[in-house]
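Here's the structure, in structure tokens; my notes come after.
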Amino acid sequence: MSDAVVGTLLDQQTLAARVEAGDTPAWVADHWRTFRDALTGERNGTPFPCFFGAESVREGEPLYTAVPSLTDPEALFDLGETLCSYLERYQDHSERASLVTFFRPPDRPLTESEYHDALWHVLQFLHVHDPEPWPEEIPTDPADPYWEFCFAGEPMFPTCRAPFYDTRKSRYCPVGLEITFQPRALFEALEVTAETAAGQHARDVIQDRLGEYDAVCPHADLGDWGVDGDREWPQYMLSSDPEQAPDECPMTVTRDHPKSKWLVGRAEQSEPVD
């Protein structure tokens, strides 16, 4: 069996073909099939709430990678390299090409608290080894409504699916952690940011679908970037049990980059998309 999917950047057609050929680790195949089925299927008679994401998967537009560890530095360096490569190429691939990241499941079941820790460890690691400075226009304080995660000079919205979502099935993944990285430029190109009429309409449709799909009220932390009172960071991994979720953003951000030169130059040597 080949691990050609792990640590590389793949288009959806190539990923699906390798899964069907048995040319991926079993955990990658499980991730792909549950991700595809969730985004293109229905629950409670309702399609997946984010219609942009669902349509992009039906059209084969996302790009994908697989990471063999939540903590191993080499695996996370490879993720940083892949993310750099993705940011350089996604606009030529498709205007709706998010980066879907599948993580190898841990050896034992994790609690919700441990999944929150895992997410912020990954994001902090990427920040510490970011090859570019934090963008001047983005605040470094996560309490600011204009704060959001940035990497390689690009603001983006990383959203997670994980096994602990018993009721919010729109965020549920039975396999392990998934992070979908969505650059802000992607939302701007689609004209679905909070300040546009199309963006407000999209939010209304998604909120309606969320209530029907999950059969619970939309999460209180859902909001819009830049809107007073809303915060980005709790939306990356919505809480299921508030007692297990962080009260403050666990990430420390500073502008004086790069902290590490490990990824500087590595992205330039990355392989093309398969």
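The values are calculated or read from the model by the stated rules, or taken from the named source; none is laboratory data. Note that the structure is a prediction, hence the values are computed from the model and not measured. Cβ atoms come from the backbone with ideal geometry, glycine included; neighbour counts cover every protein chain shown.
Miscellaneous remarks
- Only one of the numbered conditions (1) more than 30 Å from Pro131 (Cα to Cα); (2) surrounded by 15 or more Cβ atoms within 10 Å (Cβ to Cβ); (3) modelled with pLDDT under 65; (4) of a type outside the set (Gly, Ala, Ser) is violated by Arg209, and that is (3).
- The residues in region 87-106 that are within 18 Å of Phe125 (Cα to Cα) and assigned to a helix (DSSP H, G or I) can be counted, and the count is 1.
- Of all residues making up region 46-93, the number that are of a type in the set (Gly, Ala, Ser) and closer than 22 Å to Pro25 by Cα: 5
- Tally of residues being part of a loop (DSSP other than H, G, I, E, B) and crowded, with 21+ Cβ neighbours inside 10 Å across region 51-69: 1
- Asp37 vs. criteria more than 22 Å from Glu95 (Cα to Cα) and of a type outside the set (A, V, I, L, M, F, W, C): yes
- Asp141 meets each of the listed conditions (1) surrounded by fewer than 16 Cβ atoms within 10 Å (Cβ to Cβ); (2) closer than 22 Å to Phe102 by Cα apart from (2).
- Search result, residues across region 162-178 that are closer than 21 Å to Asp230 by Cα and either under 13 Å from the mean Cα position of the chain (by Cα) or assigned to a strand (DSSP E or B) (or both): Arg171
- Positions within region 17-37 being more than 18 Å from Arg161 (Cα to Cα), of a type in the set (A, V, I, L, M) and surrounded by 18 or more Cβ atoms within 10 Å (Cβ to Cβ), in sequence order: Val19
- Residue satisfying all of: in region 1-34; part of a helix (DSSP H, G or I) and hydroxyl-bearing (Ser, Thr, Tyr); farthest from Glu95 (Cα to Cα) among these: Thr34
- Some residue of region 138-153 being out of contact with any helix residue (DSSP H, G or I) (no Cβ under 9 Å at 6 or more places or on another chain), at pLDDT below 95 and within 20 Å of Ser69 (Cα to Cα): no
A quick yes/no check of all residues on (1) among the acidic types (Asp, Glu); (2) buried (at least 20 other Cβ atoms within 10 Å of the Cβ):
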| site | (1), (2) |
| --- | --- |
| Ala4 | no, no |
| Pro49 | no, yes |
| Asp72 | yes, no |
| Gln91 | no, no |
| Ser94 | no, no |
| Thr101 | no, yes |
| Asp107 | yes, no |
